[in-house]
Amino acid sequence: MDRYYKKRLVPLALPAIILFVLVIAIPFIMGVIYSFTGWRGTYFVGGENFWESFVGFDNYIKAFKTKKFIDAFIYTIKFTLVAVIVINVVSLAVSMLVTYLHKAASVYRTIYFLPNLLGGLALGYIWQFIFEIVFSKILFSEEGVVSIPALCNMTQDNTKALFALVMLFTWQMVGYMIIIYTTGLNNISSDLTEAAAIDGANAWQRFKSITVPMLMPSFTIVFFLTLSKCFMLLDQNVALTDGNFGTRMLAMQILRTTRDSSPPDYGLAQAQAVIFFVLIAVVTLIQVSVTSKKEVEV
Amino acid sequence: MSMKGRHKAGQIVAHIALILISIYTLAPLVFLLFNSFKSNNEIVESPIAMPLAWTLDYIKSAAEQINFIKAMGVTFIITVLSVGLLILISSLSAWVMVRSKTKMAKVLYLVFTAAMLIPFQSVMYPLLDIFEKMGLKNIPGLIIMYGGFGLSMSVFLYHGFIKSVPQALEEAAIIDGANIFQMFFNVVFPLLKGTTVTVIVLNGMWIWNDYLLPFLVIGNRDGVKTLTLELYFARLTAGQYGNPWELIFPAVLVTIIPIVVLYIFLQKYIVAGVAEGAVKM
């Protein structure tokens, strides 16, 4: 029987292999090679072909000397750090409330998931209105309900816009993460928590010693998803501030690099894209290995 | 207070908290709905009130401006074909990878899943370059690209599930004289229904709403644009002199209606699909 399948592995997997090679493998490898050349999109500096155009690590050195890139790099890290923490704290807290109310839970889950259906662009436009009109004119202005200057004109200031983006993205992502956390919480046998309660463990002790370790597989997934989605955020960034006030994140920076100079410097953009890949791969791999090591077998 | 009374009180507090969060979740969507029926002046003067009149004028003109019917058709075709391609190719290859148990199958699987770490931006420019040279900077090319980008996760999901499907049924089908495709589509594929739903939900949501890939591949060429792309360009053209809210709100509203309607009917499957997808990882 094994031979039967063995013979058919390549023919049946071939369409998938072709798609993968064409769309991912070749462009990825070419991208890495091109990052070491003077690629200008339609031609190569110094020759007809890419091998006549090698510039060594020049594009990488240039990338780290490009202020916009460094700013985008730092802004992305700051955003990811804040957003991952906020999204996880909020969705875990809400998930615990939802699982606490067994029956009614599904209604809430359905509502919270709604924002996830919309594209980042559509969401960004709605929230731009909320930040610029609802927050800045009605709720938090001097004539508003309560005067909180920090919540006014959030899309027009570098730091405020970071938190605006966190608010928007939390609003969008929480519903998705709740589904994962509630699934994980429902898998924890109530025997464990009840036994601990009888032994005199208080709520915090039960959370720390039972819920958290038992929920580790969910943490692994949620951290992975939130980390990678935050790093790669683009649409919301475009819609909310379009990168103004130094709010460009890395994904947008790579996209706009080719518009920042004339002729467009694709070699530089590609070097930034490779750095972007390394950053995401390293951070998420470390995260997955750390959190999955903490998973407990039952 | 008795144990039961405390539990009751706790439940009420939990409900209040969750209802407040529901209001926070729904408020932006309610603004969206209300403001889709207002003029620019009315939106700016009373941004969170109900509209004075429920006129459909703004929705009609926004729908016209973004070529709603056509754009929805284009988006629908792209999404359905991409997801269909993904289901077919990834289920078949994941299945044969699980069953053949060779070193090559393992290496293939590893390469496919490792690619989940590659962000789109890292392949974007060379990809467009290649597809342009192949004459595929168009909708068929876009569908192929979605097929490639969705592959990693879909293969991964199918692979995880197929491992738990017993092989005995397949052997019986071969003894009965079925060829490999008959066996796959009649015996194996129906068993993968749960995973197929997950693959449809996760990829469908992403492809339907995607902005960047259509922007790069189709761009501002007249005629064929996806909904998100129409929205982007409508906002861009009208937004040169301030924010044209009376266009943006109804335009956003009509672009999200199809997917919200789908969600209302299929929410059970969508939630199950997301949960399933997460558990597999």
Inset, instruction - Kindly provide the set of residues from region A:145-165 that are small (Gly, Ala, Ser) and loosely packed, with under 13 Cβ neighbours inside 10 Å, ordered by number. - result: A:SER147, A:ALA150
Legend entry - helices (runs of 4 or more DSSP H) wholly inside region B:33-100 containing at least 2 residues that are over 30 Å from A:ASP2 (Cβ atoms) and within 14 Å of another protein chain (Cβ to nearest Cβ): B:40-45, B:68-100
Inset, instruction - State yes or no: is B:VAL199 farther than 30 Å from B:ILE43 by Cα and either outside any helix (DSSP H, G or I) or among the acidic types (Asp, Glu) (or both)? - result: no
Legend entry - Elements of type helices (runs of 4 or more DSSP H) in region A:142-212, at least 3 residues being at pLDDT 85 or above and not aliphatic (A, V, I, L, M): A:158-186, A:203-206
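Conditions tested, residue by residue: (1) at pLDDT 90 or above; (2) basic (Lys, Arg); (3) in contact with a helix residue (DSSP H, G or I) (Cβ under 6 Å, 6 or more places away or on another chain).
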position	(1), (2), (3)
B:GLN182	no, no, no
B:PHE185	yes, no, no
B:PRO190	yes, no, no
B:VAL201	no, no, yes
B:GLY204	yes, no, yes
B:TRP208	yes, no, yes
B:PRO214	yes, no, yes
B:VAL217	yes, no, yes
Inset, instruction - Please verify whether region A:243-255 includes one or more residues that are surrounded by 15 or more Cβ atoms within 10 Å (Cβ to Cβ), away from chain B (no Cβ under 11 Å) and in contact with a Gly (Cβ under 7 Å, 6 or more places away or on another chain). - result: no
Legend entry - Contacts under 6 angstrom Cβ, first residue in region A:269-281 being more than 9 Å from chain B (Cβ to nearest Cβ), partner among the hydroxyl-bearing types (Ser, Thr, Tyr), 6 or more apart: A:ALA271/A:SER35; A:ALA271/A:TYR60
Inset, instruction - Sort out which residues of region A:114-132 are within 7 Å of chain B (Cβ to nearest Cβ) and within 13 Å of B:LEU32 (Cα to Cα), and write them in order of number. - result: A:PRO115, A:LEU118, A:ALA122, A:TYR125, A:ILE126, A:TRP127, A:PHE129, A:ILE130
Legend entry - Residues of region B:110-141 that turn out to be without any contact (Cβ under 8 Å) to a residue 60 or more places away in the chain, more than 7 Å from every other protein chain (Cβ to nearest Cβ) and under 21 Å from the mean Cα position of the chain (by Cα), as a count: 3
Inset, instruction - State whether one or more residues within region B:165-187 are surrounded by 23 or more Cβ atoms within 10 Å (Cβ to Cβ) and either part of a helix (DSSP H, G or I) or of a type outside the set (Lys, Arg) (or both). - result: no
Legend entry - Residue check for B:VAL107: within 29 Å of B:GLU170 (Cβ to Cβ), without any contact (Cβ under 8 Å) to a residue 40 or more places away in the chain, loosely packed, with under 15 Cβ neighbours inside 10 Å and over 24 Å from the mean Cα position of the chain (by Cα): yes
Legend entry - Set B:VAL260, B:VAL201: member being within 11 Å of another protein chain (Cβ to nearest Cβ) and crowded, with 16+ Cβ neighbours inside 10 Å: B:VAL201
Legend entry - Failed item, numbered, when A:ILE111 is tested on (1) assigned to a helix (DSSP H, G or I); (2) at the interface with chain B (Cβ under 8 Å from one of its Cβ atoms); (3) more than 30 Å from A:SER141 (Cβ to Cβ): (3)
Legend entry - Tabulated pairs, region A:68-97, first buried (at least 17 other Cβ atoms within 10 Å of the Cβ), second outside any helix (DSSP H, G or I), C-beta under 6 angstrom, 6+ apart or interchain: A:ALA72/A:ARG248; A:ALA72/A:MET249; A:TYR75/A:MET249; A:THR76/A:MET249
Legend entry - Of residues in region A:22-60 being more than 9 Å from chain B (Cβ to nearest Cβ) and part of a helix (DSSP H, G or I), the one nearest to A:SER262 (Cα to Cα): A:ASN59
Inset, instruction - Provide a single number: the residues in region A:166-210 that are surrounded by fewer than 19 Cβ atoms within 10 Å (Cβ to Cβ) and among the hydroxyl-bearing types (Ser, Thr, Tyr). - result: 4
Legend entry - Single condition B:ILE144 does not satisfy, out of (1) more than 23 Å from the chain's Cα centre (by Cα); (2) within 26 Å of B:ARG221 (Cβ to Cβ): (1)
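The values are calculated or read from the model by the stated rules, or taken from the named source; none is laboratory data. Quantities reported herein were computed from a predicted structural model and do not represent experimental measurements. Neighbour counts run over all protein chains shown; Cβ positions are idealised from the backbone, glycine included.
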